[in-house]
Amino acid sequence: MSGKERRMQRIFIGPQRRCLMTPLDHAPWLGPLQGIHQPKEIVQKVLAGGTNALLVTPGFLKQVASLVSPEIGTVLRVSIVAGPSAEAIQETPAATLETALRMDVDAVAVSIFFGRGGESGIMRWMSELIESAYKYDMPVLAEMMPAADKFYQADAIAHVARLGMELGADIIKTNYCGDPVAFRQVVDAVRLPIIIAGGENKKGEDKVEGTINLIKEIVAGGASGVAIGRKVWQDDDPEALVRKMKEALFLE
Ligand SMILES: O=C[C@H](O)COP(=O)(O)O
């Protein structure tokens with residue numbers, strides 16, 4: 001089994017090869033909000049709930065490494081959006097592949113936000129990273145986000161996700177279009193494991209029911225997992241919510 005296969009097996013688990021990922025990488029963008037302000041606390045809670053993979057920055061991982069056992073899939077965000085900077089329309093490289101190897105992570109992640117400008121620069125960084133990662137069997141997760149006015153349109157999601165595949169990524173993280181049948185066009189066009197991004201934690205919605213329904217739908221639509229951050233870490237009981245999400249993701 002290759003190094004890449006071993007790493008992918010930590011991210012996608014069980015006979016269904018699915019992934020319950022908790023992204024805890026929001027602070028560079030949003031600040032140290034309640035829920036992620038204490039890295040160790042939230043990591044303990046989501047791991048206790050049964051999350052099998054974390055998406056974290058290098059500095060965050062340093063803080064929590066002692067809590068993360070070797071079977072947990074660790075995805076390192078190697079570029080970040082700096083919220084306080086008006087120039088930060090795309091991510092800026094923040095860590096090298098050497099750092100990822102030294103930290104013994106299972107994949108590296110880069111995002112591209114289409115429609116904001118600066119796409120060619122970040123695409124160049126992603127391509128260079130894919131080239132280097134290939135030498136070490138390190139999977140690359142490409143977070144491919146459609147332009148804001150097409151954020152949940154199946155054809156726009158299929159286009160950006162396919163672009164990630166064409167660049168050579170191993171895993172795609174993108175949006176769900178809200179309809180499992182329409183989402184099949186994304187899955188059919190990409191043929192890589194697709195992880196669905198969460199989104200804002202809106203006040204007033206029934207988060208537990210909404211999140212569980214989302215998980216059932218994305219499984220029906222052919223996606224391989226979810227990366228739900230704010231809805232989890234802004235919840236009163238992240239551990240319980242993660243436990244319910246895991247049951248739904250691995251139901252069939
Ligand atoms: O990497 C960033 C996260 O995907 C954002 O997660 P969220 O939208 O569920 O908070």
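The values are calculated or read from the model by the stated rules, or taken from the named source; none is laboratory data. Keep in mind that what you see is a predicted model, and the values were worked out from it rather than measured. Here the Cβ positions follow ideal geometry from the backbone for every residue, glycine too, while neighbour counts run over all protein chains shown. Just the protein is used for accessible areas: all its heavy atoms, side chains included, with ligands, DNA and RNA removed. Shrake-Rupley method; radii C 1.70, N 1.55, O 1.52, S 1.80 Å.
Laid out as a table, the results:
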| read-out | value |
| --- | --- |
| Under 5 Å, built H, 5+ apart or other chain: amide partners of Ala107 | Thr74, Leu76 |
| Cα gyration tensor category, rounded, prolate or oblate, for the stretch 3-249 with a/c compared to 1.5 | rounded |
| The chain, relative contact order in percent, only Cα pairs under 8 angstrom and at least six apart counted | 20 percent |
| Top of Val78, Val108, Val181 by mean-square fluctuation, Gaussian network on the chain, Cα under 10 Å | Val181 |
| Residue-normalised accessible area of the stretch 3-249, expressed per residue, 1.4 Å probe, Å² | 45 Å² |
| Calculated [θ] (222 nm, deg cm²/dmol) that DSSP helices of n ≥ 4 give over the chain, each run adding -39,500 (n - 2.57) | -12500 deg cm²/dmol |
| Cα gyration tensor, the stretch 75-171 - rounded (a/c under 1.5), prolate or oblate | oblate |
| Exceeding the 27 Å Cα-Cα cut-off - candidates Lys135/Lys216; Lys40/Lys207; Lys45/Lys202 | Lys135/Lys216 |
| Placed amide H near Ala147: partners under 5 Å, 5+ positions off or other chain | Phe114 |
| Protection-proxy order for peptides 53-61, 115-123, each taking the mean of Cβ atoms within 10 Å per residue, highest first | 53-61, 115-123 |
| Mean Cα-pair separation over length for the stretch 99-219, i.e. relative contact order, pairs under 8 Å, 6 or more apart, % | 21 percent |
| Per-peptide average of other Cβ atoms within 10 Å, ordering 152-158, 65-71, 33-39 highest first | 152-158, 33-39, 65-71 |
| Beta bridges per DSSP with both ends in the chain, % antiparallel, nearest 5 | 10 percent |
| Sequence-distant residues sharing a close amide H with Ala94 (under 5 Å, placed H) | Ser79, Ile80 |
